[in-house]
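Read through the structure below, which is laid out as structure tokens, and then see the notes.
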């Protein structure tokens, strides 16, 4: 288990270090610094996928989300805001049904378990969350072999998938591949996404072999604004799709798993077996519903603002921009020492939070706080002299 | 999966039917009836273990529970209100550590999994939640054989446990019993509890065989006020103890699993594998902490009030009281037809909610709402003429 | 694991103690006694289901069974004697296909695993081998809940099965019963069998619920000669049927699992997963084929001889015969002390082997050695004076 | 499942095609060819690890192996030849105990299951039998994640193992590696072996992490005669070691798993759970004991004869020899067309069996039949003109 100490190392909490490399912004949980508190409500945070908020303000946020709706409550995840959220996501993703899940790990695990059935051979990207970050739950709880494949988010994935099918079919005891799980965007690849065309070619192979397709789309909606992206279209090749409720939609926890009626019915059963049928999920569901309102439109604007900022930075001395392949909301700025020195302090005094450069490489992550200040204001703190 | 329709049948929602036989009061999720709304805040509900509240009032309840505490937030169940709750329960139950779990099912399943290890033979009461209500999760996820034993909550349990050990040791391939899971109070036995002395004798057998002991104490604190009951003493014979956060403590969901340091560390790992590491648990933890304040004292008063009511009812014509063996907060009133007729309507007009008699047998469940009205007032509605 | 010491206690090896209560006759493995060796080849053994033979004579027995057949060999259980045996059993049991298995435990475990699929609720007799003697393999390897039911081999089984279905369907999370496994004859019930009519009524319930039916017929062919018994007819209600190859057919080990084409195909896969695909099975298959020739006819004669012996014994002083319900090849003789005293010695000097009476109760097990001597000769040793 | 048809394709059975690429020589199971039968007893087979024998001669071989030993029989794998074989292998491998297993797959699966316990992360070579040829049994039956690593049999294995440990320890939920399984010689790498020094460095990493070490030494004794090889020394770094009984020792099936007392005790339990406790294993054990007599010495001579043959061939026109890294009993001859043409026919008429060249590459596998003819005689058939 990740110890408290390790957490604090990964997520140094203090006025100037809002960033959690691998985790959403930890600010909300941070003690207010002694000197001068950050005005969390107005900062631009170039770290994290979500808008940082203080935990103690949860009641007010819930008040706004519930808005006097007497029917908000659910009972063991039936009806209320949970039912409404499930319905809304089913529509958004173009699936027959959707089920609330307490975590993305459970959503992923249940999806691949159902898709595999007795064909316990699962192909997945070797950088994927299911392979790396779910503590071997796939084999441990479901007896499924998670077979890591190369290719990341690129077109090379198609060949890797095909090779895995070919290899097995030549073995004396040929394994049937029960499911392919694809993550997009991939967190461990800086939010890189897989092109729909690539996915469609993999889905073709899957279809020929009666293999199920699962999308770990935890951060799927961060693709909003990418050219040609539409959640429903992107979800078509997949039998099941998971989307996170807390990474950028504002819920304290939770996930959605969408698919056809029969599979989602079964998923609710398996959710119970996994101990996932919490008594009331409406606090999370109500906030996610609230966050979902116009999210796609807002995030398309975030994307545009991000592009503008990157263009601006690219033209500044001592800064080079490195783009992520088919990137969603992350880019890397490569900074000369004279730019990097004092950057975090300059930013902070302008209510802007940046991460910590690693050998001059600084990850810039765009979220809705980017819309709080003009591009020029943000770019200015990247000028070595703070003037730009 | 329990369908919505089945739920509504079990939990007929309307002004006069607040009761959920098997589930906590469904009132909060109910639409306000057209005619004349129940004043939920002042009713006495002789159904359910908890105080019914309207879901839409959650923000206000959270506001009171958080009380401006800037450090209430947790991160993946670390620190904040979650950490505080874990510490408080560890103390209450006299264990080294405790871990927040999203559900009681997960708490139970993780506990027996850890206790059993490779010795996959688990003894449990055949009426227990682990055996009947967790959808075979024990074998399905953990490969453990849940062996049902007779005896309910009585002293006969000791002989059943001993017989199970004897039987296996005579087999050609003797099984080692990895764990014994006892539920107390037992929901399917109307809240009947097992005497500490009986538990101690079972723990003796367990100890001799290196067998772990788990308490499904979902409703443990409902024993508050029973003679000689003290949570810490009752927990001593058990290696792990689960207590619910939502059945009577006011949280929207959640559970606690307490035990020694090593086992609870391991439990946090397994929680992650099960998909139970929700992003933020503090909304539930903060409310549970709030509900826990002085809970034991309040429920001892509930118990006394219940005893007074039962004594009063026992003396009334057409009513016979049947006690549950070592009962916690439930008793059965056996009613003549002339008492039963119109009882629910008489009660309702006095802001009292009673269940639906089944062949004259009416379950009376005591919770904190019992303290809202004098015993005499409540008893009066049980009088055939409504005068008492 | 059963230790060597425990084995030797259960199977006291020596000239006068051929009997293995729970196991087939251990004689073959016994050292020749110092005094006067038993002429194993001509004894009548009223213990064990099979004909005892000395292990060192295996080559001669194989020679007779192979009989110069150049195509006897198999390769990983394909073709040769294994293929021939599978074909023969498929015909005998009226199924499409049959697969050789190294053990009955594996045959049972694979059958219930395939029948259950994802519906991991298995009903079985609480005295059955699958429940008691396979070291919890059902949950441990296949995550299936083996639910013990009452009724043994009697008509009461029907009600138990129905009750199990009813109970689950009323639970909030109704379990689907994936399979029913019935053992007949039941070793732990002295070879008692279940009537075909009872089985048909259970199969009706199963069919209505889409539940699979498995027969643990390890000793099925010992029913040969029972009124109306025919293996094919008896197998009809079952989807899968296991029959032992070593308990009475003379193979050193092995089992057959029969069923339809798809299930047996799948069973061969799962056999490989379980590590059951031995390189060559023909030594066992060839001997089983040999033993199978005219087995039914021979055992019908054993049965008749057994009946004659029981009738004779029942008329003798100091002996009472207790029949097993729908018994196959076992009956119990209740002996006065004067009959029991010296019985084993009297028997032995007439080359007859009997078990050890337990409080005057002596199990008489009939096998093909019964045909070696006239009924009167055998009965005589039961006379208190050895004259009869 | 491998179908009969597929088998026949892989193992074309006929006078000139004795070779089974991946399987031991299929000759014994082959129908005698119409034209002129091969004198199996005197051929030199440059294919397969074992000495081909006709299946129908099994009785004679058993007669020689049992040699009138009255105590050869075992009972459920206790005592008799099975006990003797277990003892002999324990000594040979320098371990406290050893258990007979029906198959190598079961031996491997049980070993890694026991070594892993609850730490379900297993490192193994991506070309290994456990990873490729056991139909995902590791996750399917034991919930263990089989993590494929690169490096084959080379020193690069050390870095791969270290990298796997490093990667996991940096993850938020660090996995503990329960076991490392190494195969040597590796069948899918033409019998290449891992140097003891490499193994010792891996064992060092394992020890530091409390990780178990398993050797899939199915073909371990084929290393006899390699410089410095000694089974006991090679086995030292491993907690458990599996050796096959049928690949070159002449048993019809079976495997040995050796290790310390506690683990092998446990392995016998798990063997029962897997359905591996066959009734009598002595037919296999007796033949393996027989084959084991002086095996090491004989195979050292095979190795020397192989080296002599390779030296001879290397000096012949149109032949190039490619050695396998740290090869055991396989080398590759790269043949000019004029050598390859008619080679199999020339060989056959000299009672020598060779495989089928693949694009001029011919695998030469050495087994005990190599000692039947002088090197020069064998080499001669490789001469393009058959004169050499």
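Would you mind stating whether residue B:215 is farther than 30 Å from residue C:125 by Cβ, free of Cβ contacts under 8 Å to residues at least 60 places away in the same chain and assigned to a strand (DSSP E or B)? Taking the combined requirement at face value, the residue satisfies it.
I'd like the full set of residues that are crowded, with 24+ Cβ neighbours inside 10 Å and without any contact (Cβ under 8 Å) to a residue 60 or more places away in the chain, limited to the range B:170-184.
So the first thing to find is which residues in the range B:170-184 are crowded, with 24+ Cβ neighbours inside 10 Å, and the list is B:177, B:179-184.
Across the range B:170-184, the qualifying residues are B:177, B:180, B:182, B:183, B:184.
Residue count for the range B:89-114 under the criterion of being within 30 Å of residue C:146 (Cβ to Cβ) and surrounded by fewer than 24 Cβ atoms within 10 Å (Cβ to Cβ): the result is 0. Report whether or not residue C:42 is more than 12 Å from chain D (Cβ to nearest Cβ) and farther than 27 Å from residue C:241 by Cβ. When the stated conditions are applied, residue C:42 passes them. Based on this model, can you work out whether residue B:309 counts as farther than 30 Å from residue A:57 by Cβ and crowded, with 22+ Cβ neighbours inside 10 Å? In short, yes. Scan the range D:344-375 for residues that are buried (at least 16 other Cβ atoms within 10 Å of the Cβ), in a loop (DSSP other than H, G, I, E, B) and out of contact with any helix residue (DSSP H, G or I) (no Cβ under 9 Å at 6 or more places or on another chain) and the total you get is 1. Scanning the range C:148-160 for residues that are buried (at least 23 other Cβ atoms within 10 Å of the Cβ) and under 20 Å from residue C:175 (Cα atoms) turns up just one, C:157. Residues that are free of Cβ contacts under 8 Å to residues at least 24 places away in the same chain and more than 10 Å from chain A (Cβ to nearest Cβ) were ranked within the range B:100-142; the one that is farthest from the chain's Cα centre (by Cα) is B:139. In the set (1) farther than 26 Å from residue A:233 by Cα; (2) in a loop (DSSP other than H, G, I, E, B), residue A:169 fails one condition alone, (2). Considering every residue within the range A:260-278, establish whether at least one is surrounded by 24 or more Cβ atoms within 10 Å (Cβ to Cβ), touching a residue at least 12 places away in the same chain (Cβ under 8 Å), in contact with a strand residue (DSSP E or B) (Cβ under 6 Å, 6 or more places away or on another chain) and more than 14 Å from chain B (Cβ to nearest Cβ). No, because not a single residue in the range A:260-278 is surrounded by 24 or more Cβ atoms within 10 Å (Cβ to Cβ), touching a residue at least 12 places away in the same chain (Cβ under 8 Å), in contact with a strand residue (DSSP E or B) (Cβ under 6 Å, 6 or more places away or on another chain) and more than 14 Å from chain B (Cβ to nearest Cβ).
Applying the selection to the range C:312-325, what residues are buried (at least 19 other Cβ atoms within 10 Å of the Cβ) and either at pLDDT below 95 or within 20 Å of residue C:223 (Cβ to Cβ) (or both)?
Answer for the range C:312-325, where residues must be buried (at least 19 other Cβ atoms within 10 Å of the Cβ) and either at pLDDT below 95 or within 20 Å of residue C:223 (Cβ to Cβ) (or both): just C:324.
Inspection of the range C:156-172 identifies no residue that is within 11 Å of another protein chain (Cβ to nearest Cβ), under 26 Å from the mean Cα position of the chain (by Cα) and more than 30 Å from residue C:195 (Cα to Cα).
A quick yes/no check of all residues on (1) crowded, with 20+ Cβ neighbours inside 10 Å; (2) in a loop (DSSP other than H, G, I, E, B); (3) at pLDDT below 95; (4) assigned by TED's automatic domain parsing to the domain that holds residue C:355:
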| position | (1), (2), (3), (4) |
| --- | --- |
| C:28 | yes, no, yes, yes |
| C:35 | no, yes, yes, yes |
| C:42 | no, yes, yes, yes |
| C:59 | no, no, no, no |
| C:73 | yes, yes, no, no |
| C:87 | no, no, no, no |
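Is it the case that residue C:283 is facing chain D (nearest Cβ under 9 Å), farther than 24 Å from residue C:116 by Cβ and within 16 Å of the chain's Cα centre (by Cα)? No: the conditions fail for residue C:283. Within the range D:60-99, being more than 8 Å from every other protein chain (Cβ to nearest Cβ), in contact (Cβ under 8 Å) with a residue 24 or more places away in the chain and at positive phi holds for D:77, D:94.
The values are calculated or read from the model by the stated rules, or taken from the named source; none is laboratory data. Keep in mind it's a predicted model, so treat the numbers as computed, not measured. Note that we place each Cβ from the backbone using ideal geometry, even for glycine, and neighbour counts take in every protein chain shown.
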